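The values are calculated or read from the model by the stated rules, or taken from the named source; none is laboratory data. Predicted model, so just to flag it, every value in this text is computed and none were measured. Methodologically, a virtual Cβ is constructed for each residue, glycine included, from the backbone with ideal geometry; neighbour enumeration extends over all protein chains shown.
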Amino acid sequence: MQTISLCMITKNEEKNIKACLESMINIADEIIIVDTGSTDKTVEIAKSYGAKVFSHKWNNDFSEARNISLEKATKDWIIVLDGDEVLPQEDGKKLKHFINTTSMEALYLRLENIVDNKSLGDAVVLRVFKNNKLYRFRNKMHEQVIFSIEEHAGKDKIQATNLRILHYGYDPKIYNMEDKQKRNLKILEGYPEEERDGYFYYAIGNEYSRANDIKKSLDMYYKGLEYAKRYSPEQLPSYLPYLILNISKSLATLKKYDEAINILSEFKKKYPNFRDLYFLQCLYYIEIGKITEAKEALLEYLNCDYSIYMYPDNNFEDSYNMGTLLRQLRKASIPKPEDFLSVLIVGSSYDDTLLLTMKSINEISSEVIVSIPSSSIIDKEIISNFGAKSIDINSNNGKDMIFKGIKNCKGKYILILKSREIMEHDTQLALINFLQTTEESFFNLIIKSKDNKSKSGEFRLLRNDERVKNTKSFEELIELVVKENPKTYDVDILKI
């Protein structure tokens, strides 16, 4: 029978350590604890469970303390837990089975974060491994043993499991998170430049994120991504899936949805069964009004292989009714031909409803172009983050903005919207169906006030044919329109 040592480092864990040690009864064959200066009853409680307790001065280095605990272990295998973690009873029994049957050197477990008795998702962690003097932790902060195991045994000697560890360390009712963040940042910011690898940037990015400094965290995450691409282009490092998730979430927090979607798309090719990439894409597409893309991303999420799962899992099923969401997206999705409709938005110097306008027509457009004066203070980055393209017009003249905007459109048809205008879903569906049957080239649409008290017909829609493409001025374009004498159709543009 294979034996296992529980190795821990502790400091003032009297509120939690009893639950941790209780969960290891009949599982651990020995308990090794390195205490770094407890002033409460942590040591007393540990000894009551038969633990071998060793005191060690805290030197702001988690790996140092961890490795001392490994050196004291005498059993065949090692499991590493923190005082705020618990191994569920049923998982403990399965663990004993694994270590007695596997030919692997180490096991991945799933760390499930519990806050206020609710699961906030889980992550893949390497916490169980053979007792080998070559397997040691690295990094002063957010220490990891996986790097030494991969180096000496190879990635193929680590087995994925669905065994769980329950982690309570992010619950503000139990821990002072602000003190934790300050301690962690102090250690990380003290790293010398030569020790700052990709994992370092991922770890320090997480601490800035917890401190709500999203821009700084994103800067660190991108440095970590650059490091991984430069030094591990083929051998994807274990922290990379978490890094990609955190980059996308940070971008979404800053409303940079298009950038977030793009980075998820890039890594879907590398991690085709990483479910969370697809669901986050679904959420970001919903935010910018691209419902068909959101539906497709959700279907990809639901169809991912989930048998032995090697990636972090946010457990989105606990927060979303997937069946209801899929039905809503299917109902709101509007099929349309490729490169069918360009939407031209004629902006003003400033318009706080511009994002609503873009979101309202993203579902039916093959492209959205925002024509704005070069003097505009509108943030062009925000426009691009909703999947649109901005073009600067060296004029405040509305005719110039429309005509030059039309010249940049590539769709078969062009819909023109002005500031503070949207098109509602039912109208969009009717418009797409209508355009697929009509032979006409120019159309007046109904401009309706928000209170529905006023309506008027205006030229707002045209076929982008050779005649339009060959016009040299707005006046020449209008001559074409007048000759056609366009009808007014019952398609509403709503002023907001």
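Among the candidates Asn464, Asn444, single out the residue that is over 15 Å from Cys409 (Cα atoms) and modelled with pLDDT of 90 or more.
Within the list Asn464, Asn444, the selection yields Asn444.
Determine which single condition Ser217 fails, assuming it passes every other condition in (1) assigned to a helix (DSSP H, G or I); (2) closer than 27 Å to Asn59 by Cβ; (3) in contact (Cβ under 8 Å) with a residue 12 or more places away in the chain; (4) over 14 Å from the mean Cα position of the chain (by Cα).
Among (1) assigned to a helix (DSSP H, G or I); (2) closer than 27 Å to Asn59 by Cβ; (3) in contact (Cβ under 8 Å) with a residue 12 or more places away in the chain; (4) over 14 Å from the mean Cα position of the chain (by Cα), Ser217 violates only (4).
Conditions tested, residue by residue: (1) at pLDDT 95 or above; (2) within 20 Å of Arg138 (Cα to Cα); (3) small (Gly, Ala, Ser).
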position	(1), (2), (3)
Glu30	yes, no, no
Asp35	yes, yes, no
Lys52	yes, no, no
Ser63	yes, yes, yes
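For region 331-354, does any single residue satisfy the condition of being free of Cβ contacts under 8 Å to residues at least 40 places away in the same chain and in contact with a helix residue (DSSP H, G or I) (Cβ under 8 Å, 6 or more places away or on another chain)?
No, that holds for no residue.
Which of the residues that make up region 387-442 are hydroxyl-bearing (Ser, Thr, Tyr) and crowded, with 19+ Cβ neighbours inside 10 Å?
Within region 387-442, Ser390, Tyr413, Thr427 meet the criteria.
Filter region 353-382 for residues that are farther than 20 Å from Lys495 by Cα, outside any loop (DSSP other than H, G, I, E, B) and among the hydrophobic types (A, V, I, L, M, F, W, C) and give the result.
Within region 353-382, just Ile382 meets the criteria.
Out of the residues in region 247-262 that are surrounded by fewer than 22 Cβ atoms within 10 Å (Cβ to Cβ) and closer than 20 Å to Asn273 by Cα, which is nearest to the chain's Cα centre (by Cα)?
Filtering first and then ranking leaves Lys249.
Do you know which residues across region 443-496 are surrounded by fewer than 13 Cβ atoms within 10 Å (Cβ to Cβ), under 39 Å from the mean Cα position of the chain (by Cα) and hydrophobic (A, V, I, L, M, F, W, C)?
Passing the criteria: only Ile496.
Within region 383-399, restricting attention to residues that are polar (S, T, N, Q) and not in a strand (DSSP E or B), which residue is farthest from Glu475 (Cα to Cα)?
Asn385
Can you tell me which condition Leu417 does not meet? The list is (1) under 29 Å from the mean Cα position of the chain (by Cα); (2) part of a strand (DSSP E or B), and all the others hold.
That leaves (1) as the condition not met.
List, please: which pairs have Cβ atoms under 8 Å, are six or more places apart or on different chains, and start with a residue in region 445-473 that is in a loop (DSSP other than H, G, I, E, B) and end with one that is among the β-branched types (Val, Ile, Thr)?
Lys450/Ile496; Asn464/Ile406; Asn464/Ile414
Would you check which residues across region 156-167 are in contact (Cβ under 8 Å) with a residue 40 or more places away in the chain and charged (D, E, K, R) and list them?
Lys157, Arg164
Being within 30 Å of Asp156 (Cβ to Cβ), of a type in the set (Val, Ile, Thr), more than 14 Å from the chain's Cα centre (by Cα) and not in a helix (DSSP H, G or I), is that true of even one residue in region 322-336?
No: zero hits.
Farther than 19 Å from Ser63 by Cα, in contact (Cβ under 8 Å) with a residue 40 or more places away in the chain, among the basic types (Lys, Arg) and surrounded by fewer than 18 Cβ atoms within 10 Å (Cβ to Cβ), is that true of Lys94?
Spelling it out, Lys94 is indeed farther than 19 Å from Ser63 by Cα, in contact (Cβ under 8 Å) with a residue 40 or more places away in the chain, among the basic types (Lys, Arg) and surrounded by fewer than 18 Cβ atoms within 10 Å (Cβ to Cβ).
Considering each of Leu126, Leu134, Leu107 in turn, give the residue that is loosely packed, with under 15 Cβ neighbours inside 10 Å and in contact with a helix residue (DSSP H, G or I) (Cβ under 7 Å, 6 or more places away or on another chain).
Of the residues listed, the single one that is loosely packed, with under 15 Cβ neighbours inside 10 Å and in contact with a helix residue (DSSP H, G or I) (Cβ under 7 Å, 6 or more places away or on another chain) is Leu134.
To keep it simple, each residue is scored yes or no on (1) among the hydrophobic types (A, V, I, L, M, F, W, C); (2) under 22 Å from Leu126 (Cα atoms); (3) touching a residue at least 40 places away in the same chain (Cβ under 8 Å).
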{"position": "Glu30", "(1), (2), (3)": "no, yes, yes"}
{"position": "Val34", "(1), (2), (3)": "yes, yes, no"}
{"position": "Asp40", "(1), (2), (3)": "no, no, no"}
{"position": "Lys52", "(1), (2), (3)": "no, no, no"}
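Within region 48-56, is even one residue crowded, with 16+ Cβ neighbours inside 10 Å, in contact with a Gly (Cβ under 9 Å, 6 or more places away or on another chain) and not in a loop (DSSP other than H, G, I, E, B)?
no
Of the residues that make up region 200-214, is at least one touching a Leu at 6+ places or on another chain (Cβ under 6 Å), of a type in the set (Phe, Trp, Tyr) and assigned to a helix (DSSP H, G or I)?
yes
Taking into account only those residues within region 240-281 that are among the hydroxyl-bearing types (Ser, Thr, Tyr) and free of Cβ contacts under 8 Å to residues at least 60 places away in the same chain, which is nearest to Ile214 (Cα to Cα)?
It comes out as Ser250.
Name the single residue that is surrounded by the most Cβ atoms within 10 Å (Cβ to Cβ) among those in region 363-381 being modelled with pLDDT under 85 and of a type in the set (A, V, I, L, M).
Ile378
Looking only at region 4-35, count every residue that is farther than 18 Å from Asp91 by Cβ and surrounded by fewer than 21 Cβ atoms within 10 Å (Cβ to Cβ) and tell me the total.
6
For region 476-496, name all the residues that are free of Cβ contacts under 8 Å to residues at least 40 places away in the same chain and not in a loop (DSSP other than H, G, I, E, B).
Correct list: Glu476, Ile478, Glu479, Leu480, Val481, Val482, Lys483.
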